[in-house]
Amino acid sequence: MSSVVDFRDAVVVFNGFPALAEASIEVERGEIVLLQGPNGAGKTTLLRACAGLLPIVRGEASVLGVDLCVDRQSVRQRVGLLGHANGLFADLTISENVLFWAQMVGASEGEVASTLHRFGIDGRLAEQKVMHLSAGQKRRCALACLVVRRAELWLLDEPHAGLDAAARDEIDAIIREASSAGATVLIASHELERSRGLATRSVSVIAGRVVS
Amino acid sequence: MSAQHSLSRVARAVAAKDLRIELRSRVVINQVFPFAGLVMVMFAFALDNDDVLTRVAGGLVWLATLFSLIIIIQRSFAVDTADGALEAQRVAGLDPAGIFVGKALAVMVQLVTLEIMLFVAAVVLYRVQLNADGTVLLVTCVLSATAGLSFVGTLYGGLTAGSRGRETLLPLLMLPVVAPVLIGATRATESAFTSGGAAVSDGWPWVGVLVVFAAVFGLGGILSFGSLIEE
Amino acid sequence: MEAQTFNARVATPTTRLVGAMSLVSMAWVVIGGLIVTPKDVNQGDAVRIMYVHVPTAWVAYLAFIVTAVASACWLLSRKHSMGFDRVAGASAEVGVIFMAMTLLSGSLWGRITWGTFWAWDPRLTTTAFLLVTYIGYLAVRGLGGSLEQRARRSAVIALLAVLEIPLVHFSVLMWRSLHQKASVLSGDGDIKMDGSMLTTLLIGVIGFTMTFAWLVLHRQRVLAMQDAMQMTQLDAALRERANESATESTDRVEGLK
């Protein structure tokens, strides 16, 4: 009975507009689920709702066994969201950014170093300030920050955007690795071909609803 | 898992992060410090009377501090909202009380540094005098007042950070609340400078007010910061 | 939550009673204050401002307390029932008006009796701060977001104000005591109140309080209707999106053929 994500007719509203209009989705542990759909359909909203960021106005929603209608805060430590913004500190270096998050979970410096290595961020690049990076490099840094937090549920909003083919492959490898280690992954993406190969299942989000 | 996101751990990491960013970008040092110094000079232009300036020097220093505080708070949160980092900290479930304490500590360090500069400017520009007793009073006053200002600023700064039309709300919310600090710190400072016939001993009750204020808003902030930054 | 239908006539037995009581008391105050009660020995006719100033001051502080208590109730209640939040908001809106009236009447009274529109009296200064705090509170209520979030933010701000106002008052009190002046300017310091003046004043307090209650009852009802309307609009919006989703799915299926 341990679905990681369980939404039933959930409604999320922005200024009277139902961004999620009775959306239902169930995701089991270890799955990699691809969310497809046109822009404005509600993919981002669904991911943010799973992160406990948005109030559920109607319906039911639970993530990792926690009822979001009752408590949106406690689930956050176990969930990692990579949104449109990167959440990075522009004046700090990549390694300082990753270290900031690593400190929160008590990860060791060795763990940080190996994470950076897996992302292909070597010594010199790691000491670059974020403001000097390309969009793709920033995205990789943001994902590294998420990885180092050891989240149980990964919510990735367009993770491949702005990356070259090699970087995309690296990311896919990391996602597969996390999934086999027990993490559950939801990916919203326009990169249908690549993501289909990665995902165990895909659903469409259309006009605020989820259609399998 | 939750123990690892504990308040002190989060606070230390956030404070270190904020101070490191300031040391690297030097925005406060390069922009706000000169602004504060300029304000002190402009007071002299506006008031045009040496005796008056010496008499009200305490008040002018704290006024300049308050105006600079608004900018420092906005900068403190701009660092976090530029790339969605504050939201990322929220989403990651970092204890909001820890974020509050951390950011307030970083603001406090910057503010105390600013105040030292302003007091030096007051001695130079407004010709105030300071003796040993006065210095003890002044230091205590500065520390307690700065703590209170940092707590209030961080609290309301968190509420008003982010979207347009919110940042301009910061002065309106913050300045009435810090009125007791302005009154108390100014009176204590005047006592320390023994301006207008005030004795140093007169200043200590005011320091008491400042300490109470800092305690109230430190505790209040820890309890309510999370609610205010939530969407 | 279904949409509720509301009667076009907004009065209920409660508001009718409160409204009637307030009309009667206010009429009494007007007649009593302007005509029946005597002039003051020292101030002459100027003392009649008291019948407005004192009750509005009382109501302004009452409104502040109501907002604070309603905010605390909202935060503490399990269900976070929105009624508390609406009362807090309505009370603040009405309170701002009474607060402004207090300052205005006090200022005019001061001009006539002491010769100045303003004095740095602790009570006046604290009242002015309370007005600015109210305005800040209302600005925070206007920040937008979900109803629950608006309620939470406002409730926290209201309770912080409860902490802050005594601190402000105490500091100003200490501050002004340094300047101990004979002009401890409370207007009623030198008024000898006879029976009819006291009675009229008390009726005035009751009358203004009834008016406040009547205004808040109606205002919070309007807010409730606004919130209910949002719910109704939400139902319509959901239906619309459901249609949108159906047509889009069909399009996609057909597009794939």
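The values are calculated or read from the model by the stated rules, or taken from the named source; none is laboratory data. Predicted model only: the values in this text are computed from it and were never measured. All Cβ positions, glycine included, derive from the backbone under ideal geometry; neighbour counts span all protein chains shown.
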Is there any pair with a first residue in segment C:203-216 that is aliphatic (A, V, I, L, M) and crowded, with 20+ Cβ neighbours inside 10 Å and a second that is at pLDDT 90 or above and not in a helix (DSSP H, G or I) whose Cβ atoms are under 8 Å apart and which are 6 or more apart or on different chains, and what are they? none
Conditions (1) over 14 Å from the mean Cα position of the chain (by Cα); (2) in contact (Cβ under 8 Å) with a residue 60 or more places away in the chain; (3) within 21 Å of C:PRO122 (Cβ to Cβ); (4) facing chain C (nearest Cβ under 9 Å): number failed by B:LEU182: (1)
Within segment B:26-38, can one find any residue that is within 22 Å of B:ALA192 (Cβ to Cβ) and in contact with a helix residue (DSSP H, G or I) (Cβ under 9 Å, 6 or more places away or on another chain)? yes
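Find the residue count for segment A:172-197, including only residues that are modelled with pLDDT under 85 and among the aliphatic types (A, V, I, L, M).
Of the residues in segment A:172-197, the ones modelled with pLDDT under 85 are A:190-197.
Within this subset, residues satisfying the condition of being among the aliphatic types (A, V, I, L, M) are A:192.
The number of residues fulfilling the criteria is 1.
With the condition being aromatic (Phe, Trp, Tyr) and surrounded by 22 or more Cβ atoms within 10 Å (Cβ to Cβ), I'd like the helices (runs of 4 or more DSSP H) fully within segment A:85-204 carrying at least 3 qualifying residues.
Working: elements: A:94-105, A:109-118, A:123-126, A:135-147, A:165-180, A:192-198.
Filter on segment A:85-204 gives an empty set.
Could you list all residues from segment A:55-74 that are outside any strand (DSSP E or B) and either within 11 Å of chain C (Cβ to nearest Cβ) or of a type in the set (A, V, I, L, M, F, W, C) (or both)?
Initially, segment A:55-74 is screened for residues outside any strand (DSSP E or B), giving A:55-57, A:64-65, A:68-74.
A:PRO55, A:ILE56, A:VAL57, A:LEU64, A:LEU68, A:CYS69, A:VAL70, A:ARG72 - these are the residues of segment A:55-74 that are outside any strand (DSSP E or B) and either within 11 Å of chain C (Cβ to nearest Cβ) or of a type in the set (A, V, I, L, M, F, W, C) (or both).
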For segment B:39-48, give me the residue count where each residue is farther than 23 Å from B:GLY184 by Cβ, in a helix (DSSP H, G or I) and free of Cβ contacts under 8 Å to residues at least 60 places away in the same chain. 3
Residue list for segment C:118-145, restricted to those being in contact with an Asp or Glu (Cβ under 8 Å, 6 or more places away or on another chain) and facing another protein chain (nearest Cβ under 9 Å): C:THR133, C:GLY145
Being in contact with a Gly (Cβ under 9 Å, 6 or more places away or on another chain), surrounded by fewer than 20 Cβ atoms within 10 Å (Cβ to Cβ) and at pLDDT below 90 is the filter here; which residues of segment B:194-229 pass it? B:THR194, B:SER195, B:VAL200
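Okay, residues lined up against (1) within 14 Å of chain B (Cβ to nearest Cβ); (2) within 27 Å of A:ASP172 (Cα to Cα); (3) in a helix (DSSP H, G or I); (4) not acidic (Asp, Glu):
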position: A:GLU26; (1), (2), (3), (4): no, yes, no, no
position: A:VAL33; (1), (2), (3), (4): no, yes, no, yes
position: A:GLY40; (1), (2), (3), (4): no, yes, no, yes
position: A:THR45; (1), (2), (3), (4): yes, yes, yes, yes
position: A:ARG48; (1), (2), (3), (4): yes, yes, yes, yes
position: A:LEU53; (1), (2), (3), (4): yes, yes, no, yes
position: A:GLN77; (1), (2), (3), (4): yes, yes, yes, yes
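Residue-wise test of (1) at positive phi; (2) away from chain C (no Cβ under 14 Å).
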| position | (1), (2) |
| --- | --- |
| A:ALA144 | no, yes |
| A:LEU163 | no, yes |
| A:ARG168 | no, yes |
| A:GLY182 | yes, yes |
| A:LEU186 | no, yes |
| A:LEU192 | no, no |
| A:ALA207 | yes, no |
| A:VAL210 | no, no |
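From the list A:GLN103, A:GLN128, which residue is over 25 Å from B:ARG9 (Cβ atoms), more than 17 Å from the chain's Cα centre (by Cα) and among the polar types (S, T, N, Q)? Please lay out each step first, then the result.
Numbers: A:GLN103 fails: over 25 Å from B:ARG9 (Cβ atoms).
Result of the check over A:GLN103, A:GLN128: A:GLN128.
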When you scan segment C:150-163, do you find a residue that is over 20 Å from the mean Cα position of the chain (by Cα), within 14 Å of another protein chain (Cβ to nearest Cβ) and at pLDDT 85 or above, even just one? no
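Report yes if B:GLY162 is more than 9 Å from chain C (Cβ to nearest Cβ), in contact (Cβ under 8 Å) with a residue 60 or more places away in the chain, out of contact with any His (no Cβ under 6 Å at 6 or more places or on another chain) and part of a helix (DSSP H, G or I), otherwise no.
Values: more than 9 Å from chain C (Cβ to nearest Cβ): yes; in contact (Cβ under 8 Å) with a residue 60 or more places away in the chain: yes; out of contact with any His (no Cβ under 6 Å at 6 or more places or on another chain): yes; part of a helix (DSSP H, G or I): no.
No: the conditions fail for B:GLY162.
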Across segment B:120-162, what is the number of residues that are over 30 Å from C:LEU143 (Cβ atoms) and not aromatic (Phe, Trp, Tyr)? 24
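Within the bounds of segment B:24-37, is there any residue that is more than 18 Å from the chain's Cα centre (by Cα), more than 9 Å from every other protein chain (Cβ to nearest Cβ) and either surrounded by fewer than 16 Cβ atoms within 10 Å (Cβ to Cβ) or assigned to a loop (DSSP other than H, G, I, E, B) (or both)?
Initial filter on segment B:24-37 (more than 18 Å from the chain's Cα centre (by Cα)): B:24-25.
Going one step further and asking which of them are more than 9 Å from every other protein chain (Cβ to nearest Cβ), we end up with none.
No, every residue in segment B:24-37 fails to be more than 18 Å from the chain's Cα centre (by Cα), more than 9 Å from every other protein chain (Cβ to nearest Cβ) and either surrounded by fewer than 16 Cβ atoms within 10 Å (Cβ to Cβ) or assigned to a loop (DSSP other than H, G, I, E, B) (or both).
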Mind checking which residues of segment B:192-231 are more than 18 Å from C:HIS179 (Cα to Cα) and not in a helix (DSSP H, G or I)? B:PHE193, B:GLU230, B:GLU231
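From the set of residues in segment A:58-70 that are surrounded by fewer than 19 Cβ atoms within 10 Å (Cβ to Cβ) and more than 20 Å from the chain's Cα centre (by Cα), which is farthest from A:VAL27 (Cα to Cα)? I'd like the intermediate steps shown before the answer.
Filtering segment A:58-70 down to residues surrounded by fewer than 19 Cβ atoms within 10 Å (Cβ to Cβ) leaves A:59-60, A:65-67, A:69-70.
Still in the list and also more than 20 Å from the chain's Cα centre (by Cα): A:59-60, A:69-70.
Numbers: A:GLY59: 17, A:GLU60: 14, A:CYS69: 18, A:VAL70: 20 Å.
Here the residue is A:VAL70.
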Does segment B:60-83 include one or more residues that are within 14 Å of another protein chain (Cβ to nearest Cβ), surrounded by fewer than 23 Cβ atoms within 10 Å (Cβ to Cβ) and in contact with a His (Cβ under 9 Å, 6 or more places away or on another chain)? no
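Residue by residue, here is whether (1) within 14 Å of chain C (Cβ to nearest Cβ); (2) touching a residue at least 40 places away in the same chain (Cβ under 8 Å); (3) under 28 Å from C:LEU75 (Cβ atoms) holds:
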position: B:MET117; (1), (2), (3): no, yes, no
position: B:PHE151; (1), (2), (3): yes, yes, yes
position: B:THR154; (1), (2), (3): yes, yes, yes
position: B:ARG166; (1), (2), (3): yes, no, yes
position: B:VAL212; (1), (2), (3): yes, no, yes
